[in-house]
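Have a look at the structure below, then the notes.
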Amino acid sequence: MSEIKTLNTGEKFAHASVGSLHNFEGKQFVKDATGATSCEISFGTLPTGGMVPFFHSHKENEENYIILSGSGKFQVNDDVFDIAEGSIIRVSTNCDRNIKCTSEEPMCYICIQAKEGSLEGYTMTDAEITEHTSLL
Ligand code: ZN
């Protein structure tokens, strides 16, 4: 099981890492390491033939799965479809879901859960270009 470490924090940020995704194993939730207030993010991996050992459903949060490596199948209630590196799957509330790795390489994915319908402003309706001296 991989660990998450908080690396840097400041008044306005937190930086955490699970380390190399090539060596990542198991499931790791991020919120406690970064102090996130708007969503929960988790990293997950599945070995060849592996699936999450249970179906689950969320009452208020939708989930967005981002597949980083590997391929396999995703099931939402009785719908099944193929997924692969680069896939993004949004799953609504009140339905059962599961994910299975069928590739020779392990499947690595990120799951972001946030309250369904909560997104209001985003990108350029929420962001503004600011003037700041680069220290990079
Ligand atoms: Zn979930």
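The values are calculated or read from the model by the stated rules, or taken from the named source; none is laboratory data. Predicted, not measured: the structure shown is a model, and the values here were computed from it. For neighbour counting, all protein chains shown are included, and Cβ atoms are generated from backbone atoms with ideal geometry for every residue, glycine included. The area values use the complete protein model at the heavy-atom level, side chains included, leaving out ligands, DNA and RNA. Shrake-Rupley method; radii C 1.70, N 1.55, O 1.52, S 1.80 Å.
Laid out as a table, the results:
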| item | result |
| --- | --- |
| DSSP-loop trypsin sites (Lys or Arg not before Pro) across the range 32-117, with at most 10 other Cβ within 10 angstrom | LYS59 |
| Solvent-accessible heavy-atom area per residue, rounded to whole Å², over the chain at 1.4 Å | 69 |
| 5 angstrom amide H check on HIS58, placed H, neighbours 5+ away | ASN94, CYS95 |
| Rounded to whole Hz, the Karplus (6.51, -1.76, 1.60) HN-Hα couplings of the range 26-40, x for glycine and proline | x, 9, 9, 8, 9, 3, 5, 7, 10, x, 4, 10, 10, 7, 10 |
| Normalised contact order of the chain, rounded percent, pairs of Cα under 8 Å and 6 or more residues apart | 24 |
| Peptides 74-87, 8-21, 117-130 ordered by average Cβ neighbours within 10 Å, highest first | 74-87, 8-21, 117-130 |
| Share of carbon and sulfur in the accessible heavy-atom surface of the range 5-117 [1.4 Å probe, %] | 51 |
| Reciprocal of mean inverse Cα separation for the chain (Kirkwood radius, Å) | 16.6 |
| Positive-end residue, the chain charge dipole about Cα centroid, Cβ charges, pick of LEU136, ALA16, ASN94 | ALA16 |
| Per-residue ³J(HN,Hα) for the range 125-136, Karplus 6.51 cos²θ - 1.76 cosθ + 1.60, θ = phi - 60°, Hz, x for Gly and Pro | 8, 10, 8, 9, 6, 10, 8, 8, 6, 6, 10, 7 |
| Point-charge dipole on Cβ atoms (K/R +1, D/E -1) for the chain, about Cα centre, debye to 20 | 320 |
| Qualifying aspartates and glutamates (Cα of each under 17 Å from Cα of LYS59; at least 8 residues distant if same chain) | GLU40, ASP96, GLU116 |
